[in-house]
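K.L.:
Before we start, here is the structure in question, set down as structure tokens.
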Amino acid sequence: MYSFDMVRPTSVADAVSALGQDEAQALGGGQTLIPTLKQRLAMPSVLVSLSGIDELKGVCREDNGDLSIGGGTTHATVAAEAAAHYPGLASLAGGIGDPAVRNRGTIGGSLANNDPSACYPAAALGSGATIVTNTREIAADDYFQGMFTTALEEGEIITSVRFPVPEAAGYAKFEQPASRFALTAVYVAKYADGVRVAVTGASENGVFRWTEAEQALSSNFSPDAVAGLSVPADGMISDLHGTAAYRAHLVGVMTKRAVAAAS
Amino acid sequence: MPKDHGIGASQKRREDVRFLTGAGNYTDDINLHGQAYVYFLRSDMAHGKINKVDTEEASQMPGVVRIFTGADFEGIGGLPCGWQVTDKNGDPMKEPAHPVLAQGKVRHVGDPVAAVVADSLEEARTAAEAIELDIEELPAVVDMKAALADGATKVHDDLSDNLCYDWQFGTDTEATDKAFAEAAHVTTLELVNNRLVANPMEPRVAVGDYSRANDESTLYTTSQNPHVIRLLMGAFVLGIPEHKLRVVAPDVGGGFGTKIFHYAEEAFCTFAARQINRPVKWTSSRSEAFMSDAHGRDHVTKIELALDADNNFTAVRTDTYANMGAYLSTFSSSVPTWLHGTLMAGNYKTPAVQVNVKAVFTNTVPVDAYRGAGRPEATFQLERVIDKAARELGVDPIALRRQNFITQFPYETPVAVAYDTGDYEATMAKMEELMDIPGFPERRKASEAKGKLRGLGVNCFIEACGIAPSNLVGQLGARAGLYDAATVRVNATGSISVMVGAHSHGQGHETAFPQVVAEMLGIDESMVDIVHGDTSKIPFGMGTYGSRSIAVCGSAMVRATEKIINKAKKIAAHLLEAAETDIELKDGQFSVAGTDKSVAWGDVTLAAYVPHNYPLEDIEPGLEETAFYDPSNFTYPAGAYACEVELDPETGEVTIEKFVSADDFGNVINPMIVEGQVHGGIAQGIGQALLENCAYDENGQLLSASYMDYAMPRADDLPHMANYTVDHSCQTPCTHNPLGVKGCGEAGAIGSPPTVVNAVIDALQSGGHKVEHIDMPVSPSRVWAAMNG
Ligand SMILES: Cc1cc2nc3c(=O)[nH]c(=O)nc-3n(C[C@H](O)[C@H](O)[C@H](O)COP(=O)(O)OP(=O)(O)OC[C@H]3O[C@@H](n4cnc5c(N)ncnc54)[C@H](O)[C@@H]3O)c2cc1C
């Protein structure tokens, strides 16, 4: 890696001001950023570690029933602490990477990165979550803007993510054999006012909502409800691990399985 | 009661204490005073003409000691190939130059263009970014058949085309054609043996050192065969005589074949250390490993099997394209020929076997031996086509194999080798018993009740190990003998150091080899240590590959130990004032037959070194013996494997539910180590069958260049232990080596891929899918595509 300075502020305010420096970049769990640095694909002058900021960590239930997760909370903490409140989300977090990744990687880092094969984007979009930053609140529907692209501004920090807790939710992930990221994965969440279905891993535009399935599942929340539905292969990712047609097919299968797994 | 010491005891591996506690001494742990670091600037193009490599600005960067380019290696030898293959027209194979750093052209992604030596690796890397490369991109040849087409771009401009050799072997064309013409049935299959990256846990490392005081070079390297590296690098590349060149391969974290070969980075570090008079270190990153370690396999084959009306195999004919990559790696030319063609008879008494191989240059990383080397490719095609034939003929695949087994030994195959011994019926029966074949229909029903398909795949294999009889391989084109050597040094108090030419990098030699010596002498294993991996300490050795260590080097060790026993008996006879012929050695005691007179091992060894009472007029003092052992034949381990898979028809995902291997390794020294070797081999075979895929795009860019895209097998890809049986109880001892051993290191990787693919095809067929073949890796997307194709 190229050399850089490193600061470890203890408050969001200090982190924000540190990020105001030229070529400064936030460091969450480093599970994406550090490999990038090692390959010399990024050249920040200052890394602003968020790991010393207590106000970015933790899982708590808000007065309106939403589950709020600090932007610096690790996947392992979400897996453990969200389980009683939002089991669908906890189980998604528990299936990310391996224990080392889960003990370091954070929800804020994952959502900021918005890898098209990542898990959390599906949960956030599928839950209609709100991405809370140091300056504003962004609805998930507005936040994800295509592969590795989000509504975040330079230097903006995800301080928390607020999830409305559904009646039931499930995540079905078909793993890419090498990376074990999602080759195609689907998150479904059933709310009083309807079902949301978010698909990750499949589309060249990153995570997306499958509205046709949402409608079908809103009137009948059962695996059979999506049996006849399919998404077009157009715009799906085609790579070494699966063609666009295969991914389109998996969207249907994984949706069915996510509904079956919902709790 | 299982034995707890000596031959046959499952002793825990003594080397694991250091490996598991982080106390190993790997090449990267070696840091020499004043050492500099090298960073190789590698081509990101598959094929290009080098117009200019401008290092001027880079040379001024902080920390830079010196930058080398291909021009610095003009007049210095290139990396040699160790095996000469003769074309079917009688011409020698084409052998293009393989410079240490690219000269004139880059020929694959990863080809080193320049080497920056600096005080730190980061400085070297930063300076490398300042090198200005003017490389004109040329069209890349990637597909082998396209590489052979008229007018194809040439990988090497000085060669007439991209064909390295066109080799034919076995039964002549007339007899083969006749057998096919007369056949009652012919089954044909076209398949690919997928390219693999070996991925040992420890990447390659080299540290070159030079002492101006005595003009001596030392290379520390991650090698399976330090003497071979000394020979190749010293004699053919750098021109350093053996007595001025020491090669050390300390603890090595896995090789799987890819650490046999002599690599450019080794020659570079040795050369550069002399040039700058400082040690030079290189540690491969994982990304570099993907584009610079020799790859494995990569064959495209058409195989035909002819049968008579009674389903007897009458002929096999194969047509293979074997990818050599851009240059010939050390053993590359022998893999698709002598290590592959000679095994094409398999376990079967097929009278006509003809093998055709075209070796092709492409703009890809060189391909060479990888666990099994040639034999997995042979087994895969033969066992896949037999399975297909059984289905076409409506006969049981086990019965069809059984009916065609070789049953009389020794057996001369039509492909130049003579199997000394074996019992294929025994391993087949053992496999059937352990697999519970009669219970399969019930298990299939249970899977179907869950919405899954279940398939059963079986496979038999034979391999030629213990390489190799030097006179035979010499006739076949090997440029070296493949014997091995051992020195048994008995110390004054009776402890023993055995210097062996075999190198242990995960095989457990440090445990197994002492078990043999201890058994022969009747002493405790703790008195015996193995010394390996250092040309300055051991007499000679051709190293570890081809499941040869115990069969060849172990035999040398037995011969040397026999010499020790003979001499020790002479000393004992003197001490006991008895005739030498009356001396017996048992449990570490020399006694006079029929009397209670005896002396202990330690008394005899002490007398050898403190020869106060010693037959000095008859023998020299001291107790140290060396033996070289050249085998008279290959060894032929064989086995029968079976596996059951479950296939999810919705996703195409395949899981292995049950796996049985029944191997015949002849005698077994340490059953636990043998089982571990088979477990590891099967994991790699399952990796090849289901997961691993080294893929290039049409421009020669490596698509699977990291673990994000190259899928290694992990624990949960393998069957649960309760459904996983590794058996080696069928034993027909090798007839021509003193231990009766055959070797077990590669069996798992040879036997398992066809087993898995046969099971997948069986599962698909059971679901009504008329799928005859899926190329490896049989990934979910490929299975789904085949089902929906
Ligand atoms: C082996 C392995 C397997 C993995 N498997 C999976 C998987 O199955 N599914 C999956 O979803 N992911 C997987 N990941 C990715 C993992 O979840 C990462 O943790 C995640 O993508 C990034 O989180 P991080 O906290 O490590 O962020 P970092 O790597 O530290 O940062 C990533 C990016 O986010 C920015 N950033 C970090 N925190 C914030 C914040 N609070 N606000 C704003 N910007 C921020 C950084 O500046 C950087 O640009 C895997 C990673 C590895 C190494």
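K.L.:
State all residues of region A:249-258 that are closer than 14 Å to A:Lys173 by Cβ and facing chain B (nearest Cβ under 8 Å); if no residue qualifies, say none.
P.N.:
Correct list: A:Leu250, A:Val253.
K.L.:
Out of region A:95-126, which residues are within 6 Å of the ligand (Cβ to nearest atom) and small (Gly, Ala, Ser)?
P.N.:
Correct list: A:Gly97, A:Gly105, A:Gly108, A:Gly109, A:Ser110, A:Ala112, A:Ala118.
K.L.:
Could you please find all residues in region B:719-749 being within 17 Å of B:Ser555 (Cα to Cα) and open to solvent by less than 30 Å² (accessible area, probe 1.4 Å)?
P.N.:
Those that are within 17 Å of B:Ser555 (Cα to Cα) and open to solvent by less than 30 Å² (accessible area, probe 1.4 Å): B:Cys734, B:Asn737, B:Leu739, B:Gly740, B:Val741, B:Lys742, B:Gly743, B:Cys744, B:Gly745.
K.L.:
Sticking with this one: Residue check: is A:Ala129 out of contact with any Cys (no Cβ under 6 Å at 6 or more places or on another chain), more than 9 Å from the ligand (Cβ to nearest atom) and of a type in the set (Gly, Ala, Ser)?
P.N.:
Criteria met by A:Ala129.
K.L.:
Restricting to region A:136-180, give me the number of residues that are surrounded by fewer than 16 Cβ atoms within 10 Å (Cβ to Cβ) and of a type in the set (S, T, N, Q).
P.N.:
2
K.L.:
Conditions: (1) near the ligand (Cβ under 8 Å from one of its atoms); (2) under 15 Å from the mean Cα position of the chain (by Cα); (3) in a strand (DSSP E or B). A:Gly72 meets all but one. Number of the miss?
P.N.:
(3)
K.L.:
State all residues of region A:181-196 that are under 16 Å from A:Ala123 (Cβ atoms), within 11 Å of the ligand (Cβ to nearest atom) and either charged (D, E, K, R) or open to solvent by less than 20 Å² (accessible area, probe 1.4 Å) (or both); if no residue qualifies, say none.
P.N.:
A:Ala182, A:Ala185
K.L.:
Would you please list the contacts, defined by Cβ atoms under 6 Å and residues six or more apart or on different chains, that run from a residue in region A:129-146 that is within 14 Å of another protein chain (Cβ to nearest Cβ) to a residue that is assigned to a strand (DSSP E or B) and within 13 Å of the ligand (Cβ to nearest atom)?
P.N.:
Hits for this filter: zero, empty list.
K.L.:
I'm trying to understand the selection: among the residues of region B:258-298, which are within 30 Å of B:Thr379 (Cα to Cα) and of a type outside the set (A, V, I, L, M)?
P.N.:
Answer for region B:258-298, where residues must be within 30 Å of B:Thr379 (Cα to Cα) and of a type outside the set (A, V, I, L, M): B:Thr258, B:Lys259, B:Phe261, B:His262, B:Tyr263, B:Phe290, B:Ser292, B:Asp293, B:His295, B:Gly296, B:Arg297, B:Asp298.
K.L.:
Of the conditions (1) within 13 Å of another protein chain (Cβ to nearest Cβ); (2) within 30 Å of B:Tyr710 (Cα to Cα), A:Pro223 fails just one. Which one is it?
P.N.:
Exception for A:Pro223: condition (2).
K.L.:
Let me spell it out: the conditions are (1) surrounded by fewer than 21 Cβ atoms within 10 Å (Cβ to Cβ); (2) within 13 Å of another protein chain (Cβ to nearest Cβ), and A:Ala261 meets all of them except one. Which number is the exception?
P.N.:
Here A:Ala261 clears every test but (2).
K.L.:
Tell me the residue from B:Ala373, B:Ala326, B:Ala322, B:Ala359 that is modelled with pLDDT of 95 or more, open to solvent by less than 10 Å² (accessible area, probe 1.4 Å) and farther than 22 Å from B:Leu476 by Cβ, please.
P.N.:
Of B:Ala373, B:Ala326, B:Ala322, B:Ala359, the one residue that is modelled with pLDDT of 95 or more, open to solvent by less than 10 Å² (accessible area, probe 1.4 Å) and farther than 22 Å from B:Leu476 by Cβ is B:Ala326.
K.L.:
For B:Asp177, are the conditions met, namely being outside the structural domain of B:Ala118 (by TED's automatic domain parsing), open to solvent by 50 Å² or more (accessible area, probe 1.4 Å), modelled with pLDDT of 95 or more and in a loop (DSSP other than H, G, I, E, B)?
P.N.:
no
K.L.:
Moving to a separate point now. Which one of these is out of contact with any strand residue (DSSP E or B) (no Cβ under 8 Å at 6 or more places or on another chain) and modelled with pLDDT of 95 or more: B:Pro671, B:Pro637?
P.N.:
Residue meeting the stated conditions: B:Pro671.
K.L.:
When you scan region B:614-629, do you find a residue that is within 14 Å of chain A (Cβ to nearest Cβ) and outside any strand (DSSP E or B), even just one?
P.N.:
Within region B:614-629, not a single residue is within 14 Å of chain A (Cβ to nearest Cβ) and outside any strand (DSSP E or B).
K.L.:
Only residues in region A:29-57 that are more than 9 Å from the ligand (Cβ to nearest atom) count as the first member; pair them with residues that are aromatic (Phe, Trp, Tyr), Cβ under 7 angstrom, at least 6 apart or cross-chain, and list the lot.
P.N.:
Final answer for the pair search is A:Arg40/A:Tyr2; A:Met43/A:Tyr2; A:Ser45/A:Phe4; A:Val46/A:Phe4.
K.L.:
Please specify each residue of region A:234-263 satisfying the condition of being of a type in the set (Val, Ile, Thr) and without any contact (Cβ under 8 Å) to a residue 12 or more places away in the chain.
P.N.:
A:Thr243
K.L.:
Next question, about the same structure. For region A:236-248, which residues satisfy the criterion of being facing chain B (nearest Cβ under 7 Å) and buried (at least 20 other Cβ atoms within 10 Å of the Cβ)?
P.N.:
Within region A:236-248, A:His241, A:Gly242, A:Tyr246 qualify.
K.L.:
For region A:102-117, state whether one or more residues are free of Cβ contacts under 8 Å to residues at least 24 places away in the same chain, over 21 Å from A:Arg209 (Cα atoms), open to solvent by less than 20 Å² (accessible area, probe 1.4 Å) and not aromatic (Phe, Trp, Tyr).
P.N.:
No, the conditions are met nowhere in region A:102-117.
The values are calculated or read from the model by the stated rules, or taken from the named source; none is laboratory data. Just so you know, these numbers come straight off a predicted model, no measurement behind them. For neighbour counting, all protein chains shown are included, and Cβ atoms are generated from backbone atoms with ideal geometry for every residue, glycine included. Protein only, heavy atoms only, side chains kept; ligands, DNA and RNA dropped before computing areas. Shrake-Rupley method; radii C 1.70, N 1.55, O 1.52, S 1.80 Å.
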